[in-house]
Amino acid sequence: MPSASVNYRTLLRTSGAWAFFLPSAVGRLGIAMTGVGIVWLVHARTGSYAAAGLVTGGFAVADAVAGPQIGRLVDRFGQTRVLPCTLGAHSAAVALLLTGVLPDLAAGVCVGATLPQLGALSAARWSALLSDERAAALPTAFALEALANGVSYLAGPALVSALGAAGRPSAGVLLAAALVVGGGLALAAQRRTTPPLTDRAERHRAGRALLRSAFLRQAALGLTLGVFFGATQVSVTAYAVGRGTPDAAAPLYFASNCTSLVGSWAYGAWRHGGSPRHHQAAAAACLTLTSLPLIFLDTPLAIGTTLALTGLAVPVLLILTSVLTQSSVPRVVLTQAFTWGNSASAAGSAAAAAVAGRVVDASGAHGGFGVAAGAAVAMTVLALGGLRDSSAAEGERP
């Protein structure tokens, strides 16, 4: 395995790479803070976690529904035209939430519907920048994206929670919006790396690629990965509370998050031999094997160790889903394809949280871990189906 610093350093030396990656990483830190910031703000106003959860749920659903539509506009008109408009609308929505002009639920929906898809925009730029003979570097680029997301979701909620606990929930929401808008505007200013636009007829023909089995399989993998996330989060919390040690939930989450960063880093550093589809099937099988013991393990050390092992496989699946999405659709609809993948994952996570909650109420935390393990099995089946599809396609070539 080569040095990770060499691989990532070489990648970021690509002309224009730093200029768009850094602003998108800053903006994604703000995105990671937004949902938790809404929880703190609404709870401070109402004193009700139920109200806070309702508003945050409306925010998440609006983000999942509107994200692909924003991606479609970006593919049609370009990042430099659509992103400033989206950021302006997002700023107005956050102002409505902070001032209380609209009911909290309506304002939360507006904030989610205008949230810019900075991760998808950055991934689309990497795809355009690393085309043709440099395409072999794309797995490393997407690993770097996964690292940025991992750091954001590790640090962002902690930062906004610290502000909320200090009695300044509005400051947390305002800081999140400032990072999103500042990072987004800096990204929009980088015109040199913006993916090129195409004519309407080509976009119409390319749009059909979003209905092909190769892309739908990756979207389904994103959905099941979201189910795994949602079920695991509910089950870890239920496990810690059920043992009478609710404080144990934080270290269990921390163990999984830290190994996810290690998994992202290691995969990006590895010289990728073999097919991404084979890597995806292997990663899904590893996730299944490491998640199944959660159904019957009981000690905190065993649960924590197993969660840490699952954390190694999850980022590899995220990276490979991006790689195979990029290869399964034309570039003219790539931003939309990435946002559909993100929305599928968000929908899966939200649905799993509800389903796993019912299962946990009925059979305890281990039942919830069973839902997560079932999602891992479904991912393995989907990934193995992808191997059959690619073999059939190879056989049909002259």
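Every number in this text was worked out from the coordinates using simple rules, so none of it is lab data. Because the structure is a prediction, the values reported are computed rather than measured. Backbone-built Cβ (ideal geometry, glycine too); neighbour counts: all protein chains shown.
Spin-label pair Thr305-Ala44: with each label point 7 Å from Cα along the Cα-Cβ axis, the two points sit 4.3 nm from one another.
In the frame of its principal axes, the chain has Cα extents of 62, 49, 39 Å, reported largest first.
Starting from the 7 Å offset along Cα-to-Cβ, what nm value, one decimal, do you get for the label separation of Trp18 and Ala128? A separation of 2.1 nm, rounded to one decimal place. Compared with the alpha-carbon gap, the fully stretched path from Phe254 to Arg191 is longer by 18.9 nm at 0.36 nm per residue.
In plain terms, the chain is cut at each of the trypsin sites (Lys or Arg not before Pro) found in a DSSP loop with at most 12 other Cβ atoms within 10 Å, and the longest leftover piece is 14-190. In summary, the helical segments of the chain meeting the span-like criteria, namely a full DSSP H run, a Cα extent along the axis of 18 angstrom or more and a mean Kyte-Doolittle hydropathy of at least -0.5, are 17-46, 49-77, 79-99, 138-165, 169-188, 213-242, 249-269, 276-291, 300-328, 334-363, 365-396.
Sorted into 5 angstrom bins from 0, the C-alpha pair distances of the range 17-197 split as 1, 9, 17, 21, 20, 14, 9, 5, 3, 1, 0, 0 percent.
A straight line joining the Cα centroids of the range 274-321 and the range 31-72 runs 29 Å. Considering only alpha-carbon pairs that sit under 8 angstrom and 6 or more positions apart, the relative contact order computed for the chain is 26 percent.
Short-range pairs are left out: with C-alpha atoms under 8 Å and at least six residues apart, the relative contact order of the range 270-348 is 33 percent. Within the range 41-57, what residues put their amide N at less than 19 Å from the label point 7 Å along the Cα-to-Cβ vector of Asp361? In the range 41-57, the label zone of Asp361 (backbone N under 19 Å from the point 7 Å along Cα→Cβ) covers 49-55, 57. Using the Cβ-Cβ distance between Val101 and Thr198 with R0 = 35 Å, the FRET efficiency computed as 1/(1 + (r/R0)^6) comes to roughly 0.30. Between Leu384 and Arg243, the modelled label-to-label distance comes to 3.3 nm, taking each label 7 Å out from Cα in the direction of the beta carbon. Taking the three principal axes of the alpha carbon atoms in the range 60-148, the coordinate ranges are 53, 28, 18 Å, sorted in descending order.
Summing Cβ point charges (Lys, Arg +1; Asp, Glu -1) relative to the Cα centre of the chain gives a dipole of roughly 900 debye.
Applying the criteria of a DSSP loop state and at most 14 other Cβ atoms within 10 Å to the chymotrypsin sites (Phe, Trp or Tyr not before Pro) of the range 227-322 yields Phe296.
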